[in-house]
1. FRET efficiency for GLU81 and ARG44, Cβ-Cβ distance as r, R0 = 25 Å, nearest 0.05?
2. For the Cα atoms of the chain, what angle does the longest principal axis make with the long axis of helix 144-154, in degrees from 0 to 90, nearest 10?
3. What is the sum of charges, Lys and Arg at +1 and Asp and Glu at -1, for the other residues whose Cβ falls under 14 Å from the Cβ of MET96?
4. Regarding the chain, what's the average projected area of the Cα-atom convex hull, expressed in nm²?
5. Could you pull out every one of the aspartates and glutamates with an alpha carbon less than 16 Å from that of LYS149, ignoring same-chain neighbours closer than 8 positions?
6. Rank ASP86, ASP50, ASP60 by mean-square fluctuation in a GNM of the chain with C-alpha springs under 10 angstrom and give only the top-ranked residue.
7. How much net charge surrounds LEU84 when only the other residues with a Cβ under 11 Å from the Cβ of LEU84 are counted, with Lys and Arg +1 and Asp and Glu -1?
8. Tally Lys and Arg at +1 and Asp and Glu at -1 over the other residues with C-beta under 14 Å from the C-beta of LEU106: what net charge comes out?
Amino acid sequence: MKRKEEIEHALAVLGRRMALDGAPDIEVLCCGASALCVLGLLSRSTMDVDVLGIVVQDRDLDPCEVFPAEMERAIANAGRELGLADDWFNGSASRMLERGVPEGTLERSLEHRRSFGPCLTVRFLDRRDQVAMKLFAAMDPVDGIRHLKDLEEISPEAEEISHALMWMGGWESSSAFRAKLKAIVSGLGFEDLASSNIRR
């Protein structure tokens, strides 16, 4: 079974378990490597599904580091059925919402919206927003190299890097942060964009 199909199968099992456990209906936005695999943009092996947030009335994203109790039970049960860790479906990526998301993220994710049973709807982050999130994640001093490798495999285009820099350019940041960002963007082959879009 291909990785994309494995992830979709795991989500279908979770949707079924949620229905059996009486979990409330929920719509989530997923990011990270598993979302990239589903979109056919990444070949790296992963079964961790990273939830960026809960979609609220198509307008907002709420953080979700902890899910409702019935859903947490369904996640653990699905994990045992599939031979995965209890937290294979997790909201740790919600911490990124402190920075907000690129403008138009929710609208673009509608193109990648899937139903996995009566309780679970999943949106996958659009490619251009994945690039933005991965570029930010590549700044991490511990896990950055893994995200940088993902970016290299995605092979972003200039417009996608510009989109990411526009999002990150509005943040208050240190000179060290900007220097590292410039180095990463230049290393990806976009030295001109780094010079013109990242202030010193």
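1. FRET efficiency, GLU81 to ARG44: 0.60.
2. So the inclination is approximately 90 degrees.
3. Summing Lys/Arg as +1 and Asp/Glu as -1 gives -4.
4. 10.8 nm²
5. LYS149 reaches ASP140, GLU157.
6. Ranking ASP86, ASP50, ASP60 by mean-square fluctuation puts ASP60 first.
7. That sum, taken over residues with Cβ under 11 Å, equals -4.
8. -4
Every number here is computed from the coordinates shown, using simple stated rules; none is lab data. Here the structure is a predicted model, which is why all the values come from computation and not from measurement. Don't worry about glycine lacking a Cβ; one is built from the backbone with ideal geometry, like all the others, and counts go over all protein chains shown.
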